[in-house]
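Worksheet: the structure to be examined is printed underneath.
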Amino acid sequence: MRNYTAEQLQANYDKFIEALKKVFTGERLEGLLHMYSESELGQELAMAPASGKEHYHSAYVGGYIDHVLRVARNCVRMKRIYTEGGLEVDFTDEEMLFAAFHHDLGKL
């Protein structure tokens with residue numbers, strides 16, 4: 001289990017926001033930044049564990065961001081493996097990463 005300092009939690013939150021800025025543009029980015037930066041959800045996001053059950057993945061303060069960033073990285077890797085293997089992909093990187101970044105949003 002990780003035990004982040006306040007500075008590390010802030011750095012992870014900043015990394016998440018920067019990842020959003022790299023992937024999304026326009027109204028979608030504006031909406032996401034509003035949701036995560038200009039509301040109480042941003043504070044929740046920085047502190048939230050990925051799970052409330054101790055024996056589940058990333059069940060520590062700050063684990064939510066760790067988890068969704070890891071899911072996003074693995075989605076990119078898996079897509080590359082699938083396309084190199086000849087699989088036809090019928091979704092955009094933006095669609096894939098939107099799902100990766102927000103697949104556990106209901107936990108917040």
If you take the residues of the stretch 1-31 that are touching a helix residue (DSSP H, G or I) at 6+ places or on another chain (Cβ under 6 Å) and within 18 Å of Leu108 (Cβ to Cβ), which of them is surrounded by the fewest Cβ atoms within 10 Å (Cβ to Cβ)?
Leu9
Taking first residues from the stretch 86-108 that are closer than 20 Å to Ala48 by Cα and second residues anywhere that are open to solvent by 70 Å² or more (accessible area, probe 1.4 Å) and not hydroxyl-bearing (Ser, Thr, Tyr), the pairs with Cβ under 9 Å that are 6 or more apart or on different chains are Phe98/Arg28; Ala99/Phe91; Ala100/Arg73; Lys107/Gly52; Leu108/Glu44
Which ones in the stretch 3-22 are among the hydroxyl-bearing types (Ser, Thr, Tyr) and farther than 14 Å from Ser37 by Cα?
Tyr4, Thr5
Residue list for the stretch 32-50, filter: within 21 Å of Glu94 (Cβ to Cβ), open to solvent by less than 40 Å² (accessible area, probe 1.4 Å) and not hydrophobic (A, V, I, L, M, F, W, C):
Tyr36
Would you be able to say whether some residue in the stretch 13-31 is more than 14 Å from His102 (Cα to Cα) and either touching a Phe, Trp or Tyr at 6+ places or on another chain (Cβ under 8 Å) or of a type in the set (A, V, I, L, M) (or both)?
no
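The values are calculated or read from the model by the stated rules, or taken from the named source; none is laboratory data. If you're wondering where the values come from, they're calculated on a predicted model, not measured in any experiment. A quick note on method: Cβ atoms are made from the backbone with ideal geometry, for glycine too, and the neighbour counts reach across all protein chains shown. Please note that ligands, DNA and RNA were not included when accessible areas were found on the heavy atoms of the full protein model with its side chains. Shrake-Rupley method; radii C 1.70, N 1.55, O 1.52, S 1.80 Å.
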